[in-house]
Amino acid sequence: MFATTIKKAISMKRLLPVSCTAFAILLSAAAQAAAPGISGSTINLTAAPAYLSQPDGLSVYSWGYGCTGGALPSGSTFVPVTTTTPFCTTMQVPGPTLVVTEGQSVTVTLTNNLPASAGNTSILFPGFIVSATGGVAGLLTQEAAPGATVSYTFTASSPGTRAYYSGTQGDLQVEMGLYGAIIVVPSSAPTNGTCPTHSTAAGLNTAGTALVNGGESDFRLSTTGAAYHLAQSCYDREYLFQFSEMDPNIHAQALAQVTGCAAPGAPTGCHLNVPTEPYHPVYFMINGRSMPDDMDTNYAAQYPHQPYNGNPHMHPGDLTLLRIIGQGRWQHPFHEHGNHVRILARDGNPILAPDGTSLAGPLLFTTTTTPGLAMDGIFYWSGKGLNWDAYGHHAGSSDPLATLTCTPDANGYNTGNALAVNYYEWCQDHNKPMEAKPFGDIGGGGPVTLPQPNLFTNGAWYGGSPYLGPDATVRSAGPTGSTPPSGTIANPPTSEAGFAFMWHSHNEREITTNNIFPGGMLMMMLVDSREFVIDESL
Ligand SMILES: [Cu+2]
């Protein structure tokens, strides 16, 4: 069993000699995310070894939770709706995200398939009142001996995001990868108002007609549309990010001792004694992957033990719920460029003012993770303060939406029609020209002379344009009127063109992979124009 797992991981690497960077460039334009997991009330998990793939080519011996027998437990389902092929192997990092409904009774049965020399293992579910059955008594909870099982039963008493992780020799077992997340969705609607209907209707294209490729699916885990019993926790889309780091010396030492203990002639009762200090991590991961691997799709075949990605997409104005967990030993100052994050709750506890319904959580510049701590926050992007018309449509141009208007609501945003191309535009900048000559759509001239689009270094998404929209690159023509050479960007200039923001650790060492930049805790967040359908199933 153990040997088979290793062999499979190795042969997988052989099949995929292409560098992960090349893969990311090929695939990342399509990867979009959501917060995938498994839903059910009786969940069988294993703790087992396998190898984690890193972008520098290393395969790191690790331990993780997975599905017993490598298959979804009966009675469980993959969530949210997905068109990709989800899987739950016998080991993954992070462990399967458990998605349950408030009030539900949950039983997790853990089978210890770690090497015998690793000793006992267990799971803690902090924040819940857990009763453990079977197993043997450990320091913090009942533990499963090698080959044996233990069961944990608890009621998902309140909504929110929380961590679960090994309660046995945590310094080693959590470092090796034994951690995951549990998301409890509320069982009823907010008590202080209802969430607006989430429109899955088709948006409008630049010609003002409905998109031919239809509307967007609703990928939210919460059926009430809210993360808590509060109207202020209503959201449009959600992403889960689990932060951890790895010191490969610890993993190499564990493998050496596991191998030694399994060798002929090894003493009876041989077990691991792996020092976890000094601690020198060189892999800094989000959802078990380092950049650029984290921007490949969820359940990408090349990461059989790292199914979850990190590549958020959103439309302007979308209320985006970020579920953030510190799973390693270090704090990580994660910076969400483009706006601040309003914290709703920590460890499933809403942060409220004394009136009991007003949010009192901080507005964070970096959502600094703390080991073991989970937080939920709302992020949105609006373009407010850019000081130019990000949509670049204006009356009198050749643009099909020549009559595009911006009617400010009480907060200054255009929110009258949720299907409008410029829904949530910051009206103060509407028709504000940017370019010194009317190269783009906006006539009249502005303060800036844009470089030739040919001179831009184009990333996988960036169209070399300061405007949003599928034809943004075409609308922003430089002095020679040219657009980026075909093939220099992953998407043709006439299709997707969003604003890409770097979301990354502000500890700069942590945006490296084994000390090579770029890598580590880094991803790109994409603001997609409303004409572009965000498909989070990928
Ligand atoms: Cu930053």
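Would you mind telling me which numbered condition in (1) within 17 Å of the chain's Cα centre (by Cα); (2) closer than 26 Å to Q92 by Cα T276 fails?
If we test T276 against (1) within 17 Å of the chain's Cα centre (by Cα); (2) closer than 26 Å to Q92 by Cα, just (1) comes out false.
For residues that are at pLDDT below 95 and assigned to a strand (DSSP E or B), scanning just region 495-511, find the one that is nearest to the ligand (Cβ to nearest atom).
Looking at residues that are at pLDDT below 95 and assigned to a strand (DSSP E or B), I get M502.
Looking only at region 288-335, filter to residues that are among the hydroxyl-bearing types (S, T, Y) and in contact with a helix residue (DSSP H, G or I) (Cβ under 7 Å, 6 or more places away or on another chain); which one of those is farthest from Q173 (Cα to Cα)?
The extreme case among them is T297.
Any residue in region 341-351 that is closer than 30 Å to V448 by Cβ, among the charged types (D, E, K, R) and crowded, with 17+ Cβ neighbours inside 10 Å?
no
With (1) at pLDDT 85 or above; (2) in a loop (DSSP other than H, G, I, E, B) as the list, and Q428 as the residue in question, which single condition is left unmet?
Status for Q428: all satisfied but (2).
For region 352-382, how many residues meet the condition of being within 16 Å of the ligand (Cβ to nearest atom), outside any strand (DSSP E or B) and buried (at least 16 other Cβ atoms within 10 Å of the Cβ)?
1
When both residues are 6+ apart or on different chains and their Cβ atoms are under 7 Å apart, which pairs have a first residue that lies in region 65-77 and is at negative phi, and a second that is modelled with pLDDT under 90 and in a loop (DSSP other than H, G, I, E, B)?
Taking only residues 6 or more apart or on different chains, the pairs are C67/P73.
Restricting to region 295-324, what's the tally of residues that are more than 16 Å from the ligand (Cβ to nearest atom), under 18 Å from M525 (Cα atoms) and of a type outside the set (F, W, Y)?
Qualifying residue count for the region: 16.
How many residues are surrounded by fewer than 21 Cβ atoms within 10 Å (Cβ to Cβ) and within 17 Å of the chain's Cα centre (by Cα) when one looks only at region 88-112?
0
Determine which single condition I250 fails, assuming it passes every other condition in (1) in a helix (DSSP H, G or I); (2) in contact with a strand residue (DSSP E or B) (Cβ under 6 Å, 6 or more places away or on another chain); (3) not charged (D, E, K, R).
That leaves (2) as the condition not met.
The values are calculated or read from the model by the stated rules, or taken from the named source; none is laboratory data. Remember, predicted model here, so these are calculated numbers, not experimental data. Ideal geometry is used to build each Cβ from the backbone, glycine not excepted, and the neighbour counts take in all protein chains shown.
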